[in-house]
Amino acid sequence: MNNMRNFKSILVTGGAGFIGSHVIRTLLQQRPDSKLVNLDVLTYAGNLENLRDVETNPNYTFVKGDIQDKGLVHELFEKHRFDAVVHLAAESHVDRSIENPMAFLETNILGTATLLNAAKNAWSEAEGDRCFYHISTDEVYGSLGDEGLFTEQTPYDPRSPYSSSKASSDHLVRAWHHTYGLPIVISNCSNNYGAHQFPEKLIPLMIRNIRDERPLPVYGEGVNVRDWLWVEDHASAIDEILHRGQNGQTYNIGGLNEWKNIDLVHELIRLVDASLGREAGSSMKLITFVTDRAGHDMRYAIDASRIEAELGWKPSITFEKGLAATVDWYLKNGEWLDSVTSGQYQQYYDTMYSNRG
Ligand code: NAD
Ligand code: TYD
């Protein structure tokens, strides 16, 4: 086992988003000696409601701002003397990247470069342990056929504007490590699910539409496969990698849990119908096959043996339990679901899905 590292002042970017909010909660619980600063510009996907329970924690500070703002990022490094960065801020939705790729290049590529430069400048003379931790996705590896798993050695083959912007940012992080000696780690994770995920992504979108008896838009024939991981397990993997990962290393994180989209939609129908006391299968009639996503990756699946062998991490809960808890959370938090899906989101939904025919 690697030695435990200890960071006093951690910059978390994108902490008001889905995964970031779970990471902040996990770090505050697990690392009471670390101060956290959450830098988030609060796009449609960022929501301070996700962090209501920790906002008065003395180890937590929120700063509203853009990771591309060089002056602000520099000031924050000066003021808080960060010894670690956990970088999650990103534009994260593939369908939006197809509609508007430039926002993805700006935040995911230029924003990452801005943070890397700030860390390099602040840490060039610094004594002691430092870590720039970049959170990435398995989508950088491209698309699998029926067989095989992505390992850390799989060549990059990103195929959407989102995944190519994330691949670019991974390359920049490695370049800053090799060229300037910046201490880094990277992890590439599979699809996450759980509480507080913006309902443009498959699982919360389907739960909401089943609840509201609206059409369930399944892309293509619903045969694409994703590997689903409980978001709190991703947060615990990030905590482990930050504190015990090796400098310069990449770790794949996955759920060992592959599902065909259509099978997952059937499972969600079963769970939501049961929770709402509807007759079993009564929402099956809502399934609507719609025009496929352009360039839709067929299958993602992760070989997570390195993180298990090196850090002893593996998923803690079964998909059966995690999915049931997730359905329960969205049904109990109808107000959250309704508030984030009003206004702008409704416009996005109407435009995006009316195009699909
Ligand atoms: P999300 O879209 O829910 O949250 C992104 C957060 O980043 C939001 O709070 C948003 O306001 C903030 N943000 C966006 N642009 C910003 C900017 N320019 N400056 C500051 N803040 C900005 O995303 P998520 O699902 O929580 O994903 C977090 C990270 O994890 C991303 O880097 C994503 O690529 C990666 N990832 C996500 C998944 C997944 O299944 N969701 C899987 C693997 C990796
Ligand atoms: P998504 O949650 O957008 O994650 P990603 O594209 O990053 O894997 O989509 C998961 C899968 O579900 C993907 O194969 C696309 C599919 N999908 C639908 O069939 N219908 C939908 O409305 C959405 C949002 C996704």
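The values are calculated or read from the model by the stated rules, or taken from the named source; none is laboratory data. Here the structure is a predicted model, which is why all the values come from computation and not from measurement. Cβ placement follows ideal geometry from the backbone for every residue including glycine, while neighbour counts extend to all protein chains displayed. These area figures cover heavy atoms from the full protein model, side chains too; ligands, DNA and RNA do not enter into them. Shrake-Rupley method; radii C 1.70, N 1.55, O 1.52, S 1.80 Å.
Calculate the spin-label point distance for Leu110 paired with Met284, positioning each point 7 Å from the Cα along the beta-carbon direction, and give it in nanometres.
The two pseudo-label positions are separated by 5.1 nm.
So how tilted is helix 18-30 from the main axis of the chain? Cα-based, degrees 0 to 90, rounded to 10.
So the helix axis and the longest Cα principal axis differ by about 50 degrees.
Please arrange His296, His171 by accessible surface area, largest first, computed with a 1.4 Å probe and ligands excluded.
Descending order: His171, His296.
Would you mind classifying the range 34-124 by shape? Square roots of the alpha carbon gyration tensor eigenvalues, ordered a ≥ b ≥ c; an a/c under 1.5 is rounded, otherwise it is prolate if a/b is larger than b/c and oblate if not.
Oblate, since a/c reaches 1.5 and b/c is not below a/b.
Below 8 Å between Cα atoms, with a sequence gap of 6+, how large is the relative contact order for the range 160-236 in percent?
Working: 36 pairs, mean separation 25.4, N = 77.
Relative contact order for the range 160-236 comes out at 33 percent.
Any idea of Val94's accessible area? Nearest 10 Å², probe 1.4 Å.
20 Å²
Count the DSSP beta bridges whose two residues both fall in the range 213-357, then state the antiparallel fraction as a percent rounded to the nearest 5.
Numbers: 3 of 8 bridges.
Close to 40 percent.
Using a 1.4 Å probe and counting only protein heavy atoms, arrange Tyr300, Tyr353 so the residue with the most accessible area comes first.
Reading off the accessible areas and sorting them downward yields Tyr353, Tyr300.
Rank these by accessible area, largest first, 1.4 Å probe: Thr56, Thr288, Thr351.
Thr56, Thr351, Thr288
Loop only per DSSP, at most 16 neighbouring Cβ atoms within 10 Å: give me the trypsin sites (Lys or Arg not before Pro) in the range 267-349, ordered by residue number.
Details: sites: Arg270, Arg278, Lys285, Arg293, Arg299, Arg306, Lys321, Lys332; in loops: Arg278, Arg293.
Here the trypsin sites (Lys or Arg not before Pro) that fit, given the DSSP loop and packing criteria, are Arg278, Arg293.
Would you mind getting the accessible area per residue of the chain, heavy atoms of the protein chains only, 1.4 Å probe, in Å²? Please list the in-between numbers first.
Details: 15220 Å² over 357 residues.
Value returned for the chain: 43 Å² of accessible area per residue.
Given the rule -39500 (n - 2.57) for each run of at least 4 DSSP H residues, summed and divided by the residues of the chain, what is its mean residue ellipticity at 222 nm, to the nearest 500 deg cm²/dmol?
Working: 13 runs with 144 residues, N = 357.
Taken over the chain, the calculation gives -12000 deg cm²/dmol.
With the contact rule set at Cα under 8 Å and sequence spacing of 6 or more, what percent relative contact order holds for the chain?
Working: 649 pairs, mean separation 65.5, N = 357.
Relative contact order, the chain: 18 percent.
Listed here are the pairs Lys8/Lys120; Lys166/Lys201; Lys8/Lys79; Lys8/Lys166; Lys35/Lys79; Lys8/Lys314; which of them are more than 21 Å apart at the Cα?
Lys8/Lys166; Lys8/Lys314
With all protein chains present, how much of the accessible area of the chain (probe radius 1.4 Å) comes from carbon and sulfur, to the nearest whole percent?
Solvent-exposed carbon and sulfur of the chain make up 49 percent of the total.
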